[in-house]
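Below is one structure; the comments refer to it alone.
Just so it is clear, none of the values below were taken in a lab; they were calculated from the coordinates. Just so we're clear, the structure is a prediction, and the values are computed from it rather than from any experiment. No Cβ is skipped: glycine too gets one built from the backbone with ideal geometry, and neighbour counts run over all protein chains shown.
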Protein chains: 2
Amino acid sequence: MALYIIGLGLHDQKDITLKGLELIKKSDEVFIEYYTSKLACSIKELEELYGKKVNIADRKFIEILSDEKIVKPALEKNISVLVIGDPFSATTHIDLMQRAKKTGVHVEIVNNASVLNAVGITGLELYKFGKVTSIPFGNENIKTPIDVFNINKNVGMHTLFLLDLNPKENKYMTINEAITYLIKNGVDENLTAIGLAELGSNSAIIKSATLKKLKDLIFDKFPQCLIIPGNLHFMEEEMLEYYQVK
Amino acid sequence: MALYIIGLGLHDQKDITLKGLELIKKSDEVFIEYYTSKLACSIKELEELYGKKVNIADRKFIEILSDEKIVKPALEKNISVLVIGDPFSATTHIDLMQRAKKTGVHVEIVNNASVLNAVGITGLELYKFGKVTSIPFGNENIKTPIDVFNINKNVGMHTLFLLDLNPKENKYMTINEAITYLIKNGVDENLTAIGLAELGSNSAIIKSATLKKLKDLIFDKFPQCLIIPGNLHFMEEEMLEYYQVK
């Protein structure tokens, strides 16, 4: 009897680890948290691989119903909660883990890749990123991303902007929209940035240019994110050149 | 014909993804980069799972011989390079990827969890970490970790200190040694910190206390790392309590 919180990685059904798959196969019930990110495969494809029914849990389910539907039942059977990316990419799952442990449930975590690893493909050192920030839909009066960027920039750190998404409604913020927001809020359009789409897949799109130029390029895969680098080591500069749009 | 750069995750042979395992099975030659981290399983256990010989590549091999031994051969056969954690946790592999691409080699990356995800188990928000820094052996005249910590602390970000290791000689820096270094270099011993050992496994040790107190606690698993949190959200505080040593 246990609760398994299992990361699925970034792209499709084959990004699960052997450990994760083994635990799902031992599970009596399987839930997938499916509101903060998306996979390139369908729930049906997951079910075929697992040989199990996969129940979609939305935010409300995880935050409000999880004591009754997940934590308590995990005292008597094996329950898997699947999370796109890594289980710890959202505090919700740490909270779920701790509530379960306090209830006496045996909990196992299966880590996986998240966007925080995958941005390494740019050649920017992962260790030199500062705070990560999200640009939400409906951002007319939102200044947090700008504040975070300015703090990072002042101390030379790279900034990763995650772009809002609503997979349920198939709605994804584009790099174009994100840059429009940044420029409107005073970010210098001549800064070099990197646009990234469908990271973690082998068809990821990665392009580097000034914000001004990047804004008009086409990124036709999702989800998307954006990086504005801080101080660059010459090796990072060299690597970025590889993605530069002339 | 291709070069596959495959993350193995943090703990043992079962942390590989289905995608990674499939590519290894298609490979004519398999190398493992085995000098910046360690797994809890042996090379032999990896070989048994893969059904392939796994050749150990040290830093010199990857940095000096890889054109000849990896990049060029990958024009004619399938070569896998295995990396503990995520492929992008070291710039060496991005460099390898780019050299291969420039040579005309088809490259596929398989991401996996790294310590950057796994520290999420503390309840600290991954998005609120600043720069990551390493405390090396022979640190008498080294100040970088202190500088990075001060910058992060000033802007309220969490600091992750990675502790040096030399798996070849079975030498791992301990949390105790790291804290001794920090205090000797002026870090306030009354600050709360979190010590972590064997992260990514289900037997990870996680303890939170002041640096002064943490210094004398026993962590008998490896590798180890240390976090000094920046400004804490009340939810982060609540989660940290769970690991607090009274």
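Run the numbers for B:LYS26 and B:ASN185: contour at 0.36 nm per residue of separation, minus the present Cα-Cα distance, in nm. Could you put the intermediate results ahead of the total?
Values: separation 159, 0.36 × 159 = 57.24 nm, distance 5.05 nm.
Full extension of this stretch gives 52.2 nm more.
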Please sort by residue number the trypsin sites (Lys or Arg not before Pro) in the stretch B:1-60 whose DSSP state is loop and whose Cβ has at most 13 other Cβ atoms within 10 Å.
-> B:LYS26, B:LYS53
Can you run the Rg to Rh ratio on the stretch B:68-135? Use alpha carbon positions and the Kirkwood inverse-distance Rh.
-> 1.10
Residue-wise HN-Hα coupling along the stretch B:238-246, computed from phi with Karplus coefficients 6.51, -1.76, 1.60 (Hz; x: Gly, Pro) | 4, 5, 4, 3, 4, 9, 5, 8, 7
Quick one: net charge around B:ASN152, please, counting Lys, Arg +1 and Asp, Glu -1 for every other residue with C-beta under 12 Å from its C-beta.
-> +4
Whole-Hz Karplus couplings 3J(HN,Hα) for the stretch B:166-174, θ = phi - 60° and coefficients 6.51, -1.76, 1.60, Gly and Pro as x, run 9, x, 4, 9, 6, 10, 10, 5, 9
Once amide H atoms are built 1.01 Å from N in the peptide plane, which residues 5 or more positions from B:ASN55, or in another chain, come under 5 Å H to H?
-> B:VAL30, B:PHE31, B:ILE32
Interchain or long-range residues, amide H under 5 Å from B:PHE222's placed H = B:GLU198
Spelling it out for B:ASN139: with amide H atoms placed in the peptide plane at 1.01 Å from N, the residues 5 or more places away or on another chain with amide H under 5 Å from its amide H are none
at A:GLU22 the sorted inter-copy label distances (label 7 Å from Cα on Cβ side), in nanometres, are 2.1
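Can I get the semi-axes of chain A's equivalent ellipsoid? Compute them from the C-alpha gyration tensor as square roots of 5 times the eigenvalues, in angstrom, largest first. If you can, show how the numbers build up before the last one.
Values: eigenvalues 254, 66, 54 Å².
Semi-axes, largest first: 36, 18, 17 Å.
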In the stretch A:20-81, the GluC sites (Glu not before Pro) that sit in a DSSP loop and have at most 14 other Cβ atoms within 10 Å of their own Cβ are A:GLU76
Compute the Kirkwood hydrodynamic radius of the stretch A:158-237, taking the inverse of the mean of 1/r over all pairs of distinct Cα atoms, and give it in Å to one decimal.
-> 13.0 Å
Please report the orientation-averaged projected area of the stretch B:30-164, defined via the convex hull of its C-alpha atoms, in nm².
-> 10.4 nm²
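Partner chain Cβ atoms within 10 Å, averaged over the residues of A:127-136 - can you pull that number for me? Write down the numbers at each step before the final one.
Values: counts 13, 5, 6, 9, 12, 5, 2, 1, 0, 0.
Per residue, the number of nearby Cβ atoms from other chains is 5 on average.
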Which whole-percent values make up P(r) of the stretch B:87-184 when all C-alpha to C-alpha distances are grouped in 5 Å steps starting at zero?
-> 2, 10, 16, 18, 19, 14, 11, 6, 3, 1, 0
Compute the whole-percent fraction of alpha carbon pairs in the stretch B:1-100 spaced more than 18 Å apart.
-> 38 percent
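Any idea what the alpha-carbon Rg over 2.2 N^0.38 Å comes to for the stretch B:113-246? If you can, show how the numbers build up before the last one.
Working: Rg = 13.7 Å, N = 134, 2.2 N^0.38 = 14.1 Å.
Taking the Cα Rg and dividing by 2.2 N^0.38 Å, one obtains 0.97.
Please report, largest first and rounded to whole Å, the three semi-axes of the ellipsoid equivalent to the protein assembly as shown, where each semi-axis is the square root of five times an eigenvalue of the C-alpha gyration tensor.
Working: eigenvalues 167, 153, 151 Å².
Over the Cα atoms of the protein assembly as shown, the ellipsoid semi-axes are 29, 28, 27 Å.
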Can you give me the P(r) profile for the stretch A:1-51? Cα pairs, bins 10 angstrom wide beginning at 0, each as a whole percent.
-> 23, 63, 15, 0
Summing -39500 (n - 2.57) over every DSSP H run of at least 4 in chain A, dividing by its residue total and rounding to the nearest 500, the 222 nm mean residue ellipticity is -7000 deg cm²/dmol
Once phi is turned into ³J(HN,Hα) by the Karplus curve 6.51 cos²θ - 1.76 cosθ + 1.60 with θ = phi - 60°, what whole-Hz value does each residue of the stretch A:54-60 show in order, with x for glycine and proline?
-> 10, 8, 7, 10, 8, 4, 4
Could you please report the charge total around B:ASN117, scoring K, R as +1 and D, E as -1 over all other residues with beta-carbon less than 9 angstrom from its beta-carbon?
-> -2
